[in-house]
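Worksheet for the structure shown next.
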Amino acid sequence: MGTCMSMQRNSTLLKRTKPDQKPEDEDRIKFSGKLSQKFSRPIQVLKDPTGNDIFKRYRFGKELGRGEFGITYQCIDDVNGEILACKKIAKTKLRTEIDVEDVRREVEIMRHLPKHPNIVSYKEVYEDKEAIYVVMELCEGGELFDRIVARGHYTERAAAHVTKTILEVVKMVVLVAGQRFGEIVGSPYYMAPEVLRRNYGPEIDIWSAGVILYILLCGVPPFWAETEEGIAQAIVHGGIDFERDPWPKISEDAKQLVKGMLDPNPYTRLTVEEVLGSKWIQNADKVPSIPLGERVRTRIKQFSLMNKFKKRVLQFVLVWKADCDGNGMLNCDEFVTLAVHLKRISNDELLHQAFLHFDKNRSGYIEFEELQQSLLDDHFGPTNDQVVQDIIFDADLDKVKPYKLY
């Protein structure tokens with residue numbers, strides 16, 4: 001949802017190299033056994049790519065992010081000097097015809113996305129023997145919650161404007177009415193009840209936007225638990241808390257909108273048109289501009305940072321386990337993506353090793369400086385020491401300063 005911004009050309013930071021020509025580092029791990037491949041010969045994924053040699057026009061720079069199939073890099077267009085983003089999808093990751101079809105569908109969706117300031121714009125796509133390269137607009141707005149925290153003060157009016165932007169985008173890319181799906185996908189916090197029941201349609205986007213709005217207004221998700229199963233149970237059983245601070249000072253219009261967006265019945269849930277036509281959204285400029293308070297900003301930062309910290313812990317657990325297995329290569333972030341659907345990590349030895357990873361001085365505690373440094377190592381932040389202290393305080397049952405092992 002970040003705003004896409006232009007950049008000046010900086011050729012000193014970019015080299016004409018293939019993006020996979022990079023030194024071995026700690027984010028690559030060993031994996032036991034060969035990964036099965038359904039395709040025994042080179043495959044052609046796209047019918048009409050722009051070309052087969054992206055390196056004739058683009059130079060690749062730093063890595064921006066990773067997913068299950070692709071790695072996204074910053075790149076520069078040598079024709080006009082424009083700084084863009086390029087997602088490289090390695091063909092070795094496409095193990096089945098379903099994987100191939102998913103990539104084709106992704107490219108087609110990108111090609112048909114409408115022009116909008118808050119929707120990333122597609123440029124072109126290349127394909128060679130090794131990979132598919134999707135070139136697109138570079139978005140540098142950052143993550144929504146991180147931007148909110150950086151604002152200095154935060155108001156209900158700001159939440160109204162953000163929500164309006166989100167729903168305007170949803171309206172432009174909404175699924176075809178009547179389409180039904182059955183696969184459980186998405187992040188647990190944002191899943192609608194019908195997703196968990198494996199029968200859903202475009203109404204789920206309103207639910208997810210309602211979850212975001214709830215977080216924007218109070219700093220915590222409406223449905224929370226320690227495990228994914230617990231979150232799912234909370235979603236199915238419903239019940240939204242409007243009692244805790246700052247809800248008493250939130251306008252009634254905002255509360256009613258949240259209730260309508262988080263209606264567990266998809267057939268009576270508000271539609272995108274109804275949300276955009278609501279009094280709260282229509283009068284966004286007149287919504288109260290009283291700051292919601294530092295506590296809300298701190299909660300939002302904690303929510304964002306804790307999710308990243310959980311990923312860091314899971315990442316280490318999986319790396320440590322996989323690295324014991326032997327040969328072969330598997331990217332760590334891809335392994336994490338595949339593993340997030342695990343119901344639990346029950347191996348005490350793995351958790352013990354994860355704890356030792358963060359307990360740098362082997363004191364039996366995870367201390368403030370150790371937690372802070374572990375987050376900084378992966379560029380997770382934080383810039384505010386209070387957030388680290390709050391995470392420790394929330395997790396520490398006996399309220400001693402560090403996390404205790406025994």
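So here's what we get for this one:
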{"item": "Computed label-point distance, nm, for sites TRP247 and TRP224 using a 7 Å Cα→Cβ extension", "result": "1.2 nm"}
{"item": "Global form of the range 155-286, assessed from the alpha-carbon gyration tensor, a/c cut-off 1.5", "result": "oblate"}
{"item": "Of LYS47/LYS123; LYS87/LYS171; LYS56/LYS88, pairs whose Cα-Cα distance is over 19 Å", "result": "LYS87/LYS171"}
{"item": "Estimated FRET transfer efficiency (LEU113, ILE290; beta-carbon r; R0 51 Å; 0.05)", "result": "0.90"}
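Read the figures in this text as sums done on the coordinates, not as results from a lab. Nothing here was measured: the structure is a model prediction, and the numbers come from that model. Positions of Cβ are backbone-derived with ideal geometry, glycine not excepted, and every protein chain shown enters the neighbour counts.
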